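A.B. asks: Let me begin by handing over the structure; questions about it come next.
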Amino acid sequence: MKIAVDAMGGDKAPSEIIKGAVLAVKKFPCEVVLVGDENKIRETLDISTGGEKLPITIKHAGEVVEMSEHPADAVRCKKDSSIVVATKLVKDGECDAVLSAGSTGAAVAAAQLILRRIKGIHRPAIATPIPTPHGTTLLLDSGANVDSKPETLVQNGIMGSLYAEHVLGKKNPSVALLNIGEEETKGDELAKATHQLLKQLPAINFAGNAEGRDIPRGKFDVVICDGFVGNVVLKFGEGLAMTIMKLLTEELTENGGAKLLGGELLAATFRNMYKRLDVSENGGAPLLGVNGCCVISHGSSDARAICSGIGVACNYVAGKVFEHIRNAL
C-alpha cells in the first residue's frame, strides 16, 4: 500500500509531515511518497530517519498552494504544486491514496478535478470522526460542499453508512439527519425534503433527526448535514473541548484541588481524557465520493496526527470503501 503525502501542506510543514511519515511506515503496512521541495524534504528526512533505510521516497514538486489562494484556481494554475502532483500519483495508479494537511479547499478541488467524482455522486463529502462516550460518530459533510441539495445529503447518508460499516466496523450503522428538533416536520425546506427522501431509502438504517447535542453523546453512528453547518459544528466542538480542558486545569491549579484530591490520579485522568478528545488520535478525515482515496488532515497537525492520518488512508484502502460506494450507487 503506497500513500502520497503532501509534504508542503500544513502549518508545521515540512518537518512534522516528514516525521509523521517516518512514524507511519514503522506502524502501518505501507510505503510513503513525500511530495514537495526535494531539497527541503531530504534534509529533514535524513535527520528523522537517522540513516535508517525506510520505505519512503521523494517526488519533487516546485510549487505550493497557499491558504490565501482560491483553491480551484490555484489547482488549475499550479500544475507543479505539491497537492496537485500528489493527487496525480493516485490518478495514475502509482499510489493508493493521497493525504494533505494543507488547504482543505485545494485538497477537495484537486480530488474533484483530477480524480473526479464517482459516477452518480453529486458532490463529495468530508467524513469527520467525532469522539463520543460510545466510540465514534461520523459527521459528514464537514466542509466540502456548503450548498447542498436533498439528493446530496441522501448520498452523504449512503456513503457515511458504508464507511462506518467497512472501516469503523459498525454493523447496520444508524444514520441521522442533523436538525433543530426530532420531529420530521422541523427544520428548513432542505431538512424536511431530505427527511422524506431518507424515509423511503431501504439501503440505510435511517434513525430520524438528530439534534446538535446528540453528536457528542454518540446517539447515532452517522450524522449527515450540509457542509456549512457541519464545519461550524466541528470547529465549535473543537473550541469547546479545548476551553473545558483549560478551565478545569485552571480551577484545579488555582484552588489547589489537584493537590487535595491527589495530583497523580488527576493527572492520569486528564491525560486519558485529553487523548480521547485529541485530534491527533484521529488525524485525518476521508473525502468520500471521489475516484480514489483522499484524506484531509488538520492544518495544525503534528507528527502524531500525520501518522494517524496515514493510518486512516490505509484503513480506507483496505476497507475497499471506494468500491463499496461505487457499487451501492
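The values are calculated or read from the model by the stated rules, or taken from the named source; none is laboratory data. It should be emphasised that the depicted structure is a prediction, and the values quoted were computed from it without experimental measurement. All Cβ positions, even for glycine, are placed from backbone atoms using ideal geometry, and neighbour counts span all protein chains on display. Note: areas computed on protein heavy atoms with side chains; ligands, DNA, RNA excluded. Shrake-Rupley method; radii C 1.70, N 1.55, O 1.52, S 1.80 Å.
A.B. asks: Could you give the accessible area per residue of the chain, probe 1.4 Å, as a whole number in Å²? Before the final figure, lay out the partial values.
C.D. replies: Working: 15850 Å² over 329 residues.
It amounts to 48 Å² per residue over the chain.
A.B. asks: Give, in whole angstrom and from largest to smallest, the semi-axes √(5λ) of the equivalent ellipsoid of the stretch 83-181, with λ running over the eigenvalues of the Cα gyration tensor. List each step's numbers first, then the result.
C.D. replies: Details: eigenvalues 126, 53, 36 Å².
Ellipsoid half-lengths, sorted descending, are 25, 16, 13 Å.
A.B. asks: Taking the Cα centre of the chain as origin, sum charge times position over the Cβ atoms of Lys and Arg (+1) and Asp and Glu (-1), and report the length of that vector in debye to the nearest 20.
C.D. replies: Values: 36 positive and 39 negative charges, 164 e Å.
The calculation lands at about 780 debye.
A.B. asks: Follow-up. Lysines near LYS192 by alpha-carbon distance under 23 Å, same-chain residues fewer than 8 away left out - which ones?
C.D. replies: Once the sequence-local lysines are set aside, what remains near LYS192 is LYS149, LYS219.
A.B. asks: So, in nm, how far is label ASP92 from label ARG76 when the simple model puts each one 7 Å beyond its Cα toward the Cβ?
C.D. replies: Simple spin-label model gives 2.3 nm for this pair.
A.B. asks: To continue, here is another question. Loop-only check: which trypsin sites (Lys or Arg not before Pro) in the stretch 34-66 are DSSP coil with at most 12 other Cβ within 10 angstrom? Present the calculation step by step, with values, prior to reporting the outcome.
C.D. replies: Numbers: sites: LYS40, ARG42, LYS53, LYS59; in loops: LYS53.
Listed in order of number, the matching sites are LYS53.
A.B. asks: Of the listed values (1) 6, 27, 35, 23, 8, 1, 0; (2) 6, 29, 39, 24, 3, 0; (3) 6, 26, 31, 23, 11, 3, 0, identify the label whose number matches P(r) over Cα pairs in 10 Å bins from 0, in percent calculated from this model.
C.D. replies: Matching entry in (1) 6, 27, 35, 23, 8, 1, 0; (2) 6, 29, 39, 24, 3, 0; (3) 6, 26, 31, 23, 11, 3, 0: (3).
A.B. asks: If you don't mind, another one. Let me have the 222 nm mean residue ellipticity of the chain computed from DSSP H runs of 4+ only, each contributing -39500 (n - 2.57), with the sum over all residues rounded to the nearest 500.
C.D. replies: Details: 13 runs with 153 residues, N = 329.
About -14500 deg cm²/dmol.
A.B. asks: Taking loop as defined by DSSP and a crowding limit of 10 other beta carbons within 10 Å, which trypsin sites (Lys or Arg not before Pro) in the stretch 118-186 fit?
C.D. replies: Those satisfying the criteria are LYS119, LYS171.
A.B. asks: Below 8 Å between Cα atoms, with a sequence gap of 6+, how large is the relative contact order for the stretch 142-235 in percent? Please report the intermediate quantities before stating the final value.
C.D. replies: On the way: 150 pairs, mean separation 42.0, N = 94.
The value is 45 percent.
A.B. asks: Using the per-residue mean of other Cβ atoms lying within 10 Å as a proxy for protection, in what order, highest first, do the peptides 176-183, 125-132 fall? Present the calculation step by step, with values, prior to reporting the outcome.
C.D. replies: Details: 176-183: 18.2, 125-132: 24.4.
Peptide ranking by packing, descending: 125-132, 176-183.
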